[in-house]
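Asks: Sending over a structure as structure tokens; questions will come in a sec.
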Amino acid sequence: MFMVLKEILVKDVMDDEFLIAYENSSLSEIKEKLITNYKKEIFVYDREDNLQGIITMKDISNLTKEKKIDIHKKHAKDIAINEVITISEDSNLLNCRNLMLKNNIGRLAVLKKDGIIGVIRQEHIRDFYYMKIEEISSIIKNAINYIHEAVCIIDNKGIVIVWNDNAEKLYNLPKEKILGKPLDVFFPNAIDMEVLRTKHIIENRYHEPRKGTYIVISAAPIIVNNKFLGVVSTDKDVTEMREISNKLKEATEKVNFLKNELEKISNREKRFVIGKSKIIQQKMEVAELAAKSNASILILGESGTGKEVFAKYIHKISGLKGEFIPVNCSAIPRELFESEFFGYEEGAFTGAKKNGKAGYFELANKGTLFLDEIGDLPMEMQSKLLRALQENAIRRLGSEQDTKINVRIISATNRDLEELVRKKKFRMDLYYRLNVINIEIPPLRERKEDIILFIKFFLEELNREYNKNIIGIDTDVINILTSYKWKGNVRELRNIMEQMVVLCRDDFITKEMVPEYIIHDVERNEDIDIFDKLNVDEIGLREQLSEYEKYLINKALEKSKGNIVKAANILKIPRSTLHYKMDSYEVNVNNLT
């Protein structure tokens, strides 16, 4: 407010209608003049028009009350105050106010070069001050109502003095009910009351005043000239933002899920491409040549070698416009074979869909139909499948017309189809129809050089899937995994990698995380290898036993990390016996790796 006073000039506020009297004027005349003109002061001049002093109505009143004098016999020069405090017309109201306070007076004469041009009184400043207060209050009130947040101000006794429009809307509480009343009557746990007690600022506190409404509130003490005056708070309704945030979070999660799924699909399709072994490269060359034709392909291999992944890769590089439709032949009931493979028309049977349903052949039209576990398909279904392949046409159940199809067939099995043909469990004509190009996927144990590539691939994939940051695998683990026979092939390897990644607490996979059955299997195979290396024709039984005993001692020392006592316990022999045998076989702990 002082800044407002400083900006306003005296000449803009002063009263330029002022009274003058001469020094020989009687007090009665001066009093009459003041009353008639509704003025409170009159300036006294001499005959030469020089300012001599000032007389106020208060001065006259004090004389008549205290001294009981006759104002008709007294003149202006008798009571005029000679010292008239003046101020320039270009000065400001703040200077006027300070000058009045300093001299304990209620008015100032406004001077210009030619003399007095006006008077400025206390009431001028006071009226202007209050007028500005009302004006600024109105501005502040409207400004507070335009603020998007709910605003509440309480005084230092906790009484509500400001409650804006948004506070009314947010809390459904009209101004008329809360203004001038204690805030804690309506909101016992309001943080304004906490700030009232502690005088400490609170920022961005989250709370739920009622179910489904979420608020972020901040409050601060109002301190002026080290005097605590009250508390101001702003409440922001973030319910809509929270809902948008939740929807955005859900959408982001869906996008990330779909992204991960696409990455998984893409990675699975490329999985065999990363193999560098000679044998897998040969199979890839055959697949790439076969993909350019429309010939049927039969993929053979043990369970878990990735036959479906290989089939997807062939479909992808073939450039076919249709979809890749996988079918597990072993999972289709006999009674549903025709409806699943060939589809059906509306009303074909009880429970049929209103508009019918397309079968696998129609879904795979201009694409690839992958017949997994084809060796498990019953004989009566094989003849129906063969007819569709021979005629390149299918007939929906309930239909009287054939539908032409253009489908690439890729089949897969882990069974010996030739043996099944000999046993009359698989149709020979269907076998030759499916087995135009034969691709046998080698088991993982026959391409050990690819195991490390799969380990690296799975580690990166699983790090992303489980949000981990495992940076490496111990050399002992690599040696164990590359030595294991992997009866479950790539599927088993991924399963073991997933288990180790999930259970890994640090950023490095160590031997302790490898399943015990794998370690035991590797060690057993090493023992068998030792016997295989022994040549009975060249050395006798005693020498063979000595070699094996030396091998066992070395293994025990490796497990105990060179600790003689622990190694003796593993071998279940006295420590002295172990020392003797180590000397006999020249086994040195320091030479252990």
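The values are calculated or read from the model by the stated rules, or taken from the named source; none is laboratory data. No experiment lies behind these values; they were computed from the predicted model shown. All Cβ positions, glycine included, derive from the backbone under ideal geometry; neighbour counts span all protein chains shown. Just the protein is used for accessible areas: all its heavy atoms, side chains included, with ligands, DNA and RNA removed. Shrake-Rupley method; radii C 1.70, N 1.55, O 1.52, S 1.80 Å.
Asks: Checking Lys404 against (1) surrounded by fewer than 19 Cβ atoms within 10 Å (Cβ to Cβ); (2) within 22 Å of Ile332 (Cβ to Cβ), which test does it fail?
Replies: Among (1) surrounded by fewer than 19 Cβ atoms within 10 Å (Cβ to Cβ); (2) within 22 Å of Ile332 (Cβ to Cβ), Lys404 violates only (2).
Asks: Something else about it: Mind checking which residues of the stretch 173-200 are closer than 16 Å to Val151 by Cβ and part of a loop (DSSP other than H, G, I, E, B)?
Replies: Leu173, Pro174, Leu179, Phe187, Ala190
Asks: Restricting attention to the stretch 1-23, which residues are loosely packed, with under 15 Cβ neighbours inside 10 Å, in contact with a Lys or Arg (Cβ under 8 Å, 6 or more places away or on another chain) and farther than 20 Å from Gly115 by Cβ?
Replies: If the condition is that a residue be loosely packed, with under 15 Cβ neighbours inside 10 Å, in contact with a Lys or Arg (Cβ under 8 Å, 6 or more places away or on another chain) and farther than 20 Å from Gly115 by Cβ, then Met1 is the only one that fits.
Asks: Can you tell me which of (1) out of contact with any strand residue (DSSP E or B) (no Cβ under 8 Å at 6 or more places or on another chain); (2) at pLDDT below 85; (3) not small (Gly, Ala, Ser) is the one Tyr38 doesn't meet?
Replies: (2)
Asks: A further question on this structure: How about the stretch 359-395: which of its residues are surrounded by 16 or more Cβ atoms within 10 Å (Cβ to Cβ) and assigned to a loop (DSSP other than H, G, I, E, B)?
Replies: Scanning the stretch 359-395 gives Gly359, Ala364, Asn365, Gly367, Glu373, Leu377, Arg395.
Asks: Still on this model: For a quick check of your reading of the model, give me the residue pairs whose first member lies in the stretch 561-582 and is on the phi > 0 side of the Ramachandran plot, whose second is surrounded by 13 or more Cβ atoms within 10 Å (Cβ to Cβ), with beta-carbon atoms closer than 7 Å and at least 6 apart or on different chains.
Replies: Here the result reads Gly562/Val589, each pair linking the stretch 561-582 to a residue that is surrounded by 13 or more Cβ atoms within 10 Å (Cβ to Cβ).
Asks: From Asp155, Asp184, Asp165, Asp127, which residue is surrounded by 11 or more Cβ atoms within 10 Å (Cβ to Cβ), in contact with a strand residue (DSSP E or B) (Cβ under 7 Å, 6 or more places away or on another chain) and of a type in the set (Asp, Glu)?
Replies: From the options Asp155, Asp184, Asp165, Asp127, the qualifying one is Asp155.
Asks: If you take the residues in the stretch 534-557 that are of a type in the set (D, E, K, R) and out of contact with any helix residue (DSSP H, G or I) (no Cβ under 9 Å at 6 or more places or on another chain), which one is modelled with the highest pLDDT?
Replies: Selected residue: Glu543.
Asks: Okay, next question. Quick check on the stretch 466-481: of everything there that is open to solvent by 70 Å² or more (accessible area, probe 1.4 Å) and in contact (Cβ under 8 Å) with a residue 24 or more places away in the chain, which residue is farthest from Phe508 (Cα to Cα)?
Replies: Tyr466
Asks: Being modelled with pLDDT of 90 or more, open to solvent by less than 50 Å² (accessible area, probe 1.4 Å) and touching a Ser or Thr at 6+ places or on another chain (Cβ under 7 Å) is the requirement here; does Ser293 meet it?
Replies: no
Asks: Restricted to the stretch 140-152, and to residues that are free of Cβ contacts under 8 Å to residues at least 60 places away in the same chain and within 37 Å of the chain's Cα centre (by Cα), which residue is most open to solvent (accessible area, probe 1.4 Å)?
Replies: Filtering the stretch 140-152 for residues that are free of Cβ contacts under 8 Å to residues at least 60 places away in the same chain and within 37 Å of the chain's Cα centre (by Cα), the one most open to solvent (accessible area, probe 1.4 Å) comes out as Tyr146.
Asks: Here is a further query. How about the stretch 335-358: which of its residues are within 15 Å of Asp402 (Cβ to Cβ) and either surrounded by fewer than 11 Cβ atoms within 10 Å (Cβ to Cβ) or modelled with pLDDT of 90 or more (or both)?
Replies: Phe341, Phe342
Asks: What residue, among those in the stretch 207-219 that are in contact (Cβ under 8 Å) with a residue 24 or more places away in the chain and open to solvent by 30 Å² or more (accessible area, probe 1.4 Å), is farthest from Asn156 (Cα to Cα)?
Replies: Checked the stretch 207-219; the qualifying residue farthest from Asn156 (Cα to Cα) is Gly212.
Asks: Also, I was wondering about something else. Pick out the one residue from Glu250, Glu240 that is modelled with pLDDT of 70 or more, of a type in the set (Asp, Glu), surrounded by fewer than 10 Cβ atoms within 10 Å (Cβ to Cβ) and within 41 Å of the chain's Cα centre (by Cα).
Replies: Going through Glu250, Glu240 in turn, the sole match is Glu240.
Asks: Determine the pairs where a residue that is in a strand (DSSP E or B), located within the stretch 14-29, has a partner that is open to solvent by 30 Å² or more (accessible area, probe 1.4 Å) and not charged (D, E, K, R) with Cβ atoms under 8 Å apart, the partner being 6 or more residues away or on another chain.
Replies: What qualifies is Asp15/His124; Leu19/Asn37; Ile20/Tyr45; Ala21/Tyr45; Tyr22/Tyr45; Ser26/His72; Ser26/His75.
Asks: Kindly list, by first and then second residue, each pair from a residue in the stretch 318-334 that is under 14 Å from Asn365 (Cα atoms) and open to solvent by 70 Å² or more (accessible area, probe 1.4 Å) to a residue that is not in a loop (DSSP other than H, G, I, E, B) and not aromatic (Phe, Trp, Tyr), limited to pairs with Cβ atoms under 7 Å and residues at least 6 apart or on different chains.
Replies: Glu323/Leu363
Asks: Sticking with this one: Taking the stretch 98-116 as the search range and keeping residues that are touching a helix residue (DSSP H, G or I) at 6+ places or on another chain (Cβ under 8 Å) and either acidic (Asp, Glu) or outside any loop (DSSP other than H, G, I, E, B) (or both), which one is surrounded by the fewest Cβ atoms within 10 Å (Cβ to Cβ)?
Replies: Met100
Asks: Let me ask something additional. Taking the conditions exactly as written (open to solvent by less than 10 Å² (accessible area, probe 1.4 Å), in a helix (DSSP H, G or I) and of a type in the set (A, V, I, L, M, F, W, C)), does Leu453 satisfy them or not?
Replies: no
Asks: Moving on to the next point. Considering Ser137, Ser61, which residue is among the small types (Gly, Ala, Ser), open to solvent by 30 Å² or more (accessible area, probe 1.4 Å) and either over 30 Å from Asp165 (Cα atoms) or in a loop (DSSP other than H, G, I, E, B) (or both)?
Replies: Just a single option satisfies the conditions, and that option is Ser61.
Asks: Between a residue in the stretch 394-410 that is touching a residue at least 12 places away in the same chain (Cβ under 8 Å) and any residue that is assigned to a strand (DSSP E or B) and surrounded by fewer than 16 Cβ atoms within 10 Å (Cβ to Cβ), which pairs come within a Cβ distance under 8 Å, given they are 6 or more apart or on different chains?
Replies: As it stands, the answer is Thr403/Ala393; Lys404/Ala393; Ile405/Ala393, since those pairs meet every condition given.
Asks: Same structure again: How about the stretch 24-55: which of its residues are hydroxyl-bearing (Ser, Thr, Tyr) and either in contact with a Cys (Cβ under 6 Å, 6 or more places away or on another chain) or buried (at least 18 other Cβ atoms within 10 Å of the Cβ) (or both)?
Replies: Ser25, Tyr45
Asks: Of Asn246, Asn204, which residue is of a type in the set (S, T, N, Q) and either part of a strand (DSSP E or B) or within 22 Å of Ile139 (Cα to Cα) (or both)?
Replies: The unique qualifying residue is Asn204.
Asks: Also, quick follow-up: If you check Lys312 against the conditions, is it at pLDDT 90 or above, farther than 20 Å from Lys425 by Cβ and among the basic types (Lys, Arg)?
Replies: It is true that Lys312 is at pLDDT 90 or above, farther than 20 Å from Lys425 by Cβ and among the basic types (Lys, Arg).
Asks: Also, I was wondering about something else. Give the residue that is nearest to Val231 (Cα to Cα), with candidates limited to residues of the stretch 163-186 that are touching a residue at least 24 places away in the same chain (Cβ under 8 Å) and over 34 Å from the mean Cα position of the chain (by Cα).
Replies: Applying the filter and picking the extreme gives Leu183.
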